[in-house]
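As structure tokens, the structure follows; a few thoughts come after it.
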Amino acid sequence: MENEKVIVDMMRSGHMACPGCGVVIAMRLVLRALGKKTVAVIIPSCSSIIASTYPNTSLKVPAFHGTFESAAPTAAGISYVLKLQGKDDISVVAFAGDGGTFDIGLQALSGTVDRNEHYIYVCLDNEAYMNTGIQASSATPECAWTITTPSGRPFRKKNIMEIMAAHRIPYAATASIGYPQDLMDKVKKARNIQGTKFLHILTPCATGWRMAEGLTVKAAMLSVETRLFPLYEVFDGRRYAITYEPQGFPIDEYLQMQGRYGHLTQDQIANMQTQIEVEWENLRNKVKDCQC
Amino acid sequence: MRELLTGNYAIAEAVRLAKAQLIPAYPITPQTPIYEKLSEMEAQGTLPGIMVRVESEHSAMAMCISASLTGARVFTATSSQGLALMHEMLHYASGNRVPVVMGCVNRVLAVPWSFGSDQTDTLAQRDTGWMQFYCEDNQEAFDTVIQAYKISEIVMLPSMVIIDAFFSSHFIEPMEVPDQVAVDRFLPKAALPERFDIENPTFVSNVVTTGSQFMPFRKRGFDDMENAKTVIKKVDKEFEEHFGRRYGMVEAVQTEDAQLVLVTSGSMTSTARVAVDSLRNKGLKIGLLKIKTFRPFPSGEIKSALQGVAKVAVVDRNISLGNEGIFCQELKSSLYNSDIRPPVYGFIAGLDGLDVSPDTLEGIAMEVMGKDEPNDLPVWIGGS
């Protein structure tokens, strides 16, 4: 009998993540929740280096490295054939970064969600093209420094969850490496839902966020507790549920610990705080609206 | 059974009989009727596989690759801009050694936007590691799809089965469509490696970090593409034993005593057959060399066919700006290190489906017969 209390990791140590990497924590938690009967799709991103450099792999599940913009149809292709082969008990999970999801892979992701193809899409969002060395993506927050936005990104972060909800995707959820049980519960829930599932995981990047290596998990927790990155689920694009009630800390400490926000003025910080409150209220209203 | 089919429908019929299991498809003129026909078969319950209506050709090929690696026989089709959009994934398919078969209907690439036949779309994919088969007519297109699955699944490299826009894709021709039992006998159910084994997990397509790791992969691909020549010939012969038709990597027509050999590919070849007969009737010793297989390039077959030939004229329905017609370039380079080096005259004709009539080809032959040496640049038939 499988003992729930025994942790079986589907990743090995000795992978090539940077010290303090948030992505690798998320991958480990997702794969731990999915277990052995899983096929993983990796695309160019931090996760591709973490998962494999020839002839090694840190993954204990079969995996395929696809192309940058193709995580979604690549995973869907595997899923279709596993079904044809009668291997319905195997989960297919695609790991993509924020660039591979919010930017170059968005069209293909939209296609698979539209067709409701059966697999789990995991966006490991470290808020910039970190694998190529900290260039801005459309997941980079407003005002955040990157090497290609030296005076701060002038645009707000794209709301990928709303894009997924607009597709009426069966299940979409945010998750955080700071709340591992919540994350793994969502993965297990996703595994048992038919169709496309989307997990948006904020994965702090010590290197790109310009912070000390030991602060990754704290940054993840603060992103949740400040309501900047609330933990919630959306069912069928309509029913919203908050899975963890954040404490509502002011944003200051979260910003101060990251060098990428070192240039912010008091006005910009105040503006950011206001936006967080507006978005939080929006989310709470969505939860209320669907409690009927 | 004897049937009247367009080239597109001939390909769709072959895909059905080959029992492709997954078909990700996306519309583009003039390939779209393949997609439509397969959709109709699916709706009628006569298609053994499933179709996925993807949102781009790029995703179509991404899905073909991962589905093939999982163990399924797959198919897709495209043309022109769609093929160009797929370019990245074409390399990815051959690199991952998946036996995908794709129908390609040659259509001119923009700009200007147009729809007629022009081989530059597929020839621009020359270096992607795919086998390329240029078909003369609808029967050949059908037969080549069936053959291509067998060849690709032995060589483990993907294949393009190529026809001309409209001349082949939309023109109806009488042809022979074998029944399922006959096709099954020649092409059994796919037995592809299933690369994602839960009990024996491996990582497919790792990142390599040095050229010394990379080069052996390419070298194996190169060697296998070279060995594909033997496989193509063997499968063609076997096909003949089953169905009574064979094509060869090239077909030489009346080349033995020829003073001039016309070289063509695709649907233009059937026109050239008429032109050569007419020229022969006028007492001129003209032959014809049809190049069907472009990758791997049949250098040996071409050399054999051109032995003792005084002049060669290559008619290309494609152009590489800054050089010349692509079949012409390839033919010349395959002869350079041999002692068979007749002067080669390059002609560009029929771009965007401009008609190349028997008269056009006879004119080309007469022009070459009257010349002492070829121009440095290709001669354009039309275009000014």
Count of residues meeting criterion [over 18 Å from the mean Cα position of the chain (by Cα) and under 26 Å from A:GLY86 (Cα atoms)] in region A:12-37
3
Within region A:73-88, residues being of a type in the set (S, T, N, Q) and buried (at least 24 other Cβ atoms within 10 Å of the Cβ) number 2
Can you find a residue in region B:214-224 that is under 22 Å from B:LEU22 (Cβ atoms) and in contact with a helix residue (DSSP H, G or I) (Cβ under 6 Å, 6 or more places away or on another chain)?
no
Kindly indicate the residue of region A:110-150 that is among the small types (Gly, Ala, Ser) and within 14 Å of another protein chain (Cβ to nearest Cβ) and also surrounded by the fewest Cβ atoms within 10 Å (Cβ to Cβ) among those meeting that condition.
A:SER110
For A:SER70, all conditions in the list (1) surrounded by fewer than 24 Cβ atoms within 10 Å (Cβ to Cβ); (2) facing chain B (nearest Cβ under 10 Å); (3) farther than 21 Å from A:ALA173 by Cβ hold save one; what is the number of the exception?
(1)
Return the only residue of B:THR122, B:THR76, B:THR128, B:THR70 being touching a His at 6+ places or on another chain (Cβ under 6 Å) and of a type in the set (Ser, Thr, Tyr).
B:THR128
Looking at the structure I just gave you, is A:LYS83 of a type in the set (Lys, Arg), in a helix (DSSP H, G or I) and either within 7 Å of another protein chain (Cβ to nearest Cβ) or free of Cβ contacts under 8 Å to residues at least 40 places away in the same chain (or both)?
yes
Do you know which of the residues in region A:1-54 that are touching a Ser or Thr at 6+ places or on another chain (Cβ under 6 Å) and among the polar types (S, T, N, Q) is nearest to A:TYR119 (Cα to Cα)?
A:THR38
Considering every residue within region A:89-104, establish whether at least one is assigned to a loop (DSSP other than H, G, I, E, B), buried (at least 23 other Cβ atoms within 10 Å of the Cβ) and of a type outside the set (D, E, K, R).
no
Any idea which of (1) under 22 Å from A:GLY20 (Cα atoms); (2) of a type outside the set (Phe, Trp, Tyr); (3) crowded, with 17+ Cβ neighbours inside 10 Å is the one A:LEU264 doesn't satisfy?
(1)
If you check B:SER212 against the conditions, is it more than 24 Å from B:VAL315 (Cβ to Cβ), at pLDDT below 95 and not in a loop (DSSP other than H, G, I, E, B)?
yes
Selection within region A:162-190 - buried (at least 22 other Cβ atoms within 10 Å of the Cβ), under 26 Å from A:GLY111 (Cβ atoms) and among the hydrophobic types (A, V, I, L, M, F, W, C):
A:MET164, A:ILE169, A:ALA172, A:ALA173, A:ALA175, A:VAL187, A:ALA190
Taking region B:58-93 as the search range and keeping residues that are of a type in the set (Val, Ile, Thr) and under 19 Å from the mean Cα position of the chain (by Cα), which one is nearest to the other protein chains (Cβ to nearest Cβ)?
B:VAL74
For region B:174-195, does any single residue satisfy the condition of being within 9 Å of another protein chain (Cβ to nearest Cβ), in a loop (DSSP other than H, G, I, E, B), surrounded by 16 or more Cβ atoms within 10 Å (Cβ to Cβ) and not β-branched (Val, Ile, Thr)?
yes
Just to be sure, is A:VAL41 within 14 Å of another protein chain (Cβ to nearest Cβ), out of contact with any strand residue (DSSP E or B) (no Cβ under 7 Å at 6 or more places or on another chain) and either part of a strand (DSSP E or B) or free of Cβ contacts under 8 Å to residues at least 40 places away in the same chain (or both)?
no
Could you grab me the full set of residues in region A:129-155 that are in contact with a Gly (Cβ under 6 Å, 6 or more places away or on another chain) and at positive phi?
A:ILE134, A:CYS143
Of everything in region B:12-37, what is within 12 Å of chain A (Cβ to nearest Cβ) and in contact with a helix residue (DSSP H, G or I) (Cβ under 7 Å, 6 or more places away or on another chain)? Give them in sequence order.
B:GLN21, B:LEU22, B:ILE23, B:PRO24, B:TYR26
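The values are calculated or read from the model by the stated rules, or taken from the named source; none is laboratory data. Here the structure is a predicted model, which means the values were calculated and not measured. Note: ideal-geometry Cβ built from the backbone for every residue, glycine included; neighbour counts use all protein chains shown.
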